[in-house]
Amino acid sequence: MVRFGAASLLLIASSAAAFSSTSNGLTSYRTPAKSNQSSTSLSMALTLYGSQGSRSPLVNWAANELNLSVEAGDLSKNPHPFGQIPCLTDDNGVLVFESGAILNYLQSKAADKGMHGDKKMAEVSSWISWANASLDPICFLETPDGKVYDTGLKNQNKRIQRLDDLLSKSPFLVDGEFSLADVAVASYLLYVIQFFPDVELHSKWPNIVRYMKECAGREGYGKAFGERVQAFCVARLGEMESGAGKEKKLFGMF
Ligand SMILES: N[C@@H](CCC(=O)N[C@@H](CS)C(=O)NCC(=O)O)C(=O)O
């Protein structure tokens, strides 16, 4: 499981000017209270311990999509058993850690309000687990001590090919409509282009690129990750679609 540790974060910070706001959040490990909060609320008690340059914005993205309001927790009081982020607390002493478990928890909170049936919940939850257990290790190759050194998306991969096939038949992963399955899967894919901005995906997986661009363009993504990250992702994916990225590389060879 990839850790967005100090070395990786430096990569993000140095890879593009687009990430300067992200890198600020990283150093302090504190979530800017306002940028990550959604305005409408079904609950006021959700508290997220996280930081902008980690994977915790994916939790904010999920909350934004579900219209759940999340407050930023004081990281010096982070109750995660291993001191990691993200970590979520709720009313009645609820404590949830692991980003996938947090997405499932938010999904079930929304389901309480009658938004999703069991069948959809099961599928969404399966995709959330797949994103963490199978997609993350493909997206981020790590040294034995857990440092990200490359992405598996530079080469063909049968699981990613299958994902592309699925997305050629449907705009989103579950029932053709956007869900937390897409938050989980697209978050990792979009982290890849933040870590490795030169990676070219369109020649191998055009449907995934279309999907990533669609997901990155969502209001909830921009609110959670910040406008600059959003603008960078959408622009980079647009370049891939138009072949501009490839041209740049060709020029670079001469
Ligand atoms: N599998 C966990 C990974 C959590 C994780 O590695 N978080 C990183 C930030 S993205 C962290 O807290 N790193 C500091 C540490 O491990 O002490 C999840 O998905 O929540």
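Could you check region 127-154 and list, in sequence order, the residues that are of a type outside the set (V, I, T) and in contact with a Leu (Cβ under 7 Å, 6 or more places away or on another chain)?
W127, C139, Y149, D150, G152, L153
Does region 148-165 contain any residue that is within 16 Å of the ligand (Cβ to nearest atom) and within 27 Å of E71 (Cα to Cα)?
No; the residues of region 148-165 include none that is within 16 Å of the ligand (Cβ to nearest atom) and within 27 Å of E71 (Cα to Cα).
For K204, are the conditions met, namely being basic (K, R) and under 17 Å from the mean Cα position of the chain (by Cα)?
Taking the combined requirement at face value, the residue does not satisfy it.
Name the one entry in I138, I128 that is under 24 Å from S54 (Cβ atoms), within 16 Å of the ligand (Cβ to nearest atom) and surrounded by fewer than 21 Cβ atoms within 10 Å (Cβ to Cβ).
I138
Every residue in region 182-216 that is part of a helix (DSSP H, G or I), closer than 20 Å to Q156 by Cβ and not aromatic (F, W, Y), please.
Scanning region 182-216 gives V185, L189, V192, I193, P206, N207, I208, V209, R210, M212.
Quick test of your reading of the structure: Q194 fulfils all but one of (1) surrounded by 16 or more Cβ atoms within 10 Å (Cβ to Cβ); (2) in contact (Cβ under 8 Å) with a residue 60 or more places away in the chain; (3) farther than 26 Å from S125 by Cα. Name the failing condition by number.
All conditions are met except number (3).
May I ask you to list the residues in region 73-109 that are modelled with pLDDT under 95, surrounded by 11 or more Cβ atoms within 10 Å (Cβ to Cβ) and out of contact with any Asp or Glu (no Cβ under 9 Å at 6 or more places or on another chain)?
Q107, S108
Looking only at region 44-60, how many residues end up being β-branched (V, I, T) and surrounded by fewer than 24 Cβ atoms within 10 Å (Cβ to Cβ)?
Selection size over region 44-60: 1.
State all residues of region 81-99 that are part of a loop (DSSP other than H, G, I, E, B) and either within 14 Å of S51 (Cα to Cα) or more than 15 Å from the ligand (Cβ to nearest atom) (or both); if no residue qualifies, say none.
Answer for region 81-99, where residues must be part of a loop (DSSP other than H, G, I, E, B) and either within 14 Å of S51 (Cα to Cα) or more than 15 Å from the ligand (Cβ to nearest atom) (or both): G83, Q84, I85, P86, D91, N92, G93.
Restrict the check to region 152-172 and report whether at least one residue is within 19 Å of the chain's Cα centre (by Cα) and outside any helix (DSSP H, G or I).
yes
For region 57-80, how many residues meet the condition of being more than 24 Å from E227 (Cβ to Cβ) and more than 12 Å from the ligand (Cβ to nearest atom)?
Qualifying residue count, region 57-80: 4.
Could you grab me the full set of residues in region 103-113 that are within 15 Å of the ligand (Cβ to nearest atom) and in contact with a Ser or Thr (Cβ under 9 Å, 6 or more places away or on another chain)?
Passing the criteria: L103, N104.
Just checking, does region 116-136 include any residue being under 19 Å from M212 (Cα atoms), assigned to a helix (DSSP H, G or I) and charged (D, E, K, R)?
There is at least one residue in region 116-136 that is under 19 Å from M212 (Cα atoms), assigned to a helix (DSSP H, G or I) and charged (D, E, K, R).
The values are calculated or read from the model by the stated rules, or taken from the named source; none is laboratory data. Keep in mind that what you see is a predicted model, and the values were worked out from it rather than measured. FYI the Cβ positions are ideal-geometry reconstructions off the backbone, even for glycines, and counts take in every protein chain you see.
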